[in-house]
Amino acid sequence: MELITNWFSPFARKVALALEHKGIAYEAIDGLTHANHALLWRLNSRGEVPTLIDGKVVVSNSAHILAYLEDAYPEPSILPRDAATRAQARALERLFDTRVDPILVNCSLWSWAKRSDSAPPGLKEAGQRDLDAAFAETEALLANMGAFSFGDTPGLADFALWPHLAAIEPLGFQLDASRFERTAMLLTQMKATELFRDDARRTRNFLKTMSADTHETTKIAWRGDRIEWMLARGYHEWFLDEILSGRVIWPMS
Ligand SMILES: N[C@@H](CCC(=O)N[C@@H](CS)C(=O)NCC(=O)O)C(=O)O
């Protein structure tokens, strides 16, 4: 099996965690290097990681890859047993994929991309406000949590949440444990678990080696949810300037 990945991508990390939890061996290929640019676009028509190759089967989009893995390699399962709780696990995945990811990525561009400007005023504060709203929803979805989101072993929701939750404090945001007790407990549990610690180490090591020689660091790939958050929070002029300055990569060839 091959995973077209990138260790900075929360979506690729989600899939890698599911593969590792299921004990499935895979070869990781960084799809976002200059060298693998053509390969990625051949496999994934949006030019995004992750994409999974399992023999003749090629699957893109992290949620679909996890669904494929659960169908093809059901044991150990990464889903709760009953349909209603499965729906809750997927709701958590979607909340972090589409609402939390845009905030963290958009507000952190200045820490990893090559830029000469500063973040527009108020962006970080808007980010924290919207993160708090997302954490409030997370608390409700975690109402019956065990050690992990839906029991005593990690599963789909944990794999989806971890890359984002692990980035909150390093990016200068807060997860207020007095207001978001379950979410904070979950993060503490993950930080004490080898599977998640290994993932964090891999990402830290990757970030030490990433450079303009190997990866695109000036232009930013803008997916729908990330654009939506910028526009919804009033940064349309900033975004227009990004387009006019040629710093946007669109997810279409
Ligand atoms: N919905 C997709 C989103 C994947 C995505 O946004 N991938 C980003 C990295 S986090 C990407 O590959 N962007 C292209 C680029 O950076 O060139 C999924 O869940 O797999």
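The values are calculated or read from the model by the stated rules, or taken from the named source; none is laboratory data. Here the structure is a predicted model, which is why all the values come from computation and not from measurement. No Cβ is skipped: glycine too gets one built from the backbone with ideal geometry, and neighbour counts run over all protein chains shown.
Quickly run through the stretch 224-249 and pick out the residues that are part of a loop (DSSP other than H, G, I, E, B) and more than 16 Å from the ligand (Cβ to nearest atom). Walk me through how you get there before you give the answer.
Residues of the stretch 224-249 part of a loop (DSSP other than H, G, I, E, B): 233-235, 245-247.
Once the filter is applied, which keeps residues that are part of a loop (DSSP other than H, G, I, E, B) and more than 16 Å from the ligand (Cβ to nearest atom), the stretch 224-249 yields Arg233, Gly234, Tyr235, Ser245.
For the stretch 105-118, how many residues meet the condition of being surrounded by fewer than 18 Cβ atoms within 10 Å (Cβ to Cβ) and either of a type in the set (D, E, K, R) or not in a loop (DSSP other than H, G, I, E, B) (or both)? Quick ask: steps written out before the conclusion?
Pass one, the stretch 105-118, residues surrounded by fewer than 18 Cβ atoms within 10 Å (Cβ to Cβ): 109-118.
With either of a type in the set (D, E, K, R) or not in a loop (DSSP other than H, G, I, E, B) (or both) added as a condition, the list becomes 109-112, 114-115, 117.
The number of residues fulfilling the criteria is 7.
Of the conditions (1) in a loop (DSSP other than H, G, I, E, B); (2) in contact (Cβ under 8 Å) with a residue 12 or more places away in the chain, Pro170 clears all except one; give me its number.
(2)
Condition first: in a helix (DSSP H, G or I) and touching a residue at least 12 places away in the same chain (Cβ under 8 Å). Now tell me which residues in the stretch 206-223 satisfy that. Talk me through it step by step, then tell me what you get.
Pass one, the stretch 206-223, residues in a helix (DSSP H, G or I): 206-209.
The answer is Phe206, Leu207.
Any residue in the stretch 43-55 that's over 17 Å from Leu69 (Cβ atoms) and in contact (Cβ under 8 Å) with a residue 24 or more places away in the chain: show its pairings with residues that are part of a loop (DSSP other than H, G, I, E, B) and more than 8 Å from the ligand (Cβ to nearest atom) at Cβ separation under 8 Å, as long as the two are six or more apart or on different chains.
Matching pairs, first to second residue: Ser45/Met252; Ser45/Ser253; Arg46/Met252; Gly47/Met252; Gly47/Ser253.
Somewhere in the stretch 4-13, is a residue charged (D, E, K, R), over 25 Å from Asp132 (Cα atoms), within 11 Å of the ligand (Cβ to nearest atom) and not assigned by TED's automatic domain parsing to the domain that holds Ile168? Working first, answer last.
Taking the stretch 4-13 and keeping what is charged (D, E, K, R), we get 13.
Within this subset, residues satisfying the condition of being over 25 Å from Asp132 (Cα atoms) are none.
Within the stretch 4-13, none of the residues are charged (D, E, K, R), over 25 Å from Asp132 (Cα atoms), within 11 Å of the ligand (Cβ to nearest atom) and not assigned by TED's automatic domain parsing to the domain that holds Ile168.
Residue by residue, here is whether (1) of a type in the set (A, V, I, L, M, F, W, C); (2) over 21 Å from Arg233 (Cα atoms); (3) within 13 Å of the ligand (Cβ to nearest atom) holds:
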position: Leu32; (1), (2), (3): yes, yes, yes
position: Ser45; (1), (2), (3): no, yes, yes
position: Ser77; (1), (2), (3): no, yes, no
position: Ser118; (1), (2), (3): no, no, no
position: Asp132; (1), (2), (3): no, no, no
position: Ala140; (1), (2), (3): yes, yes, no
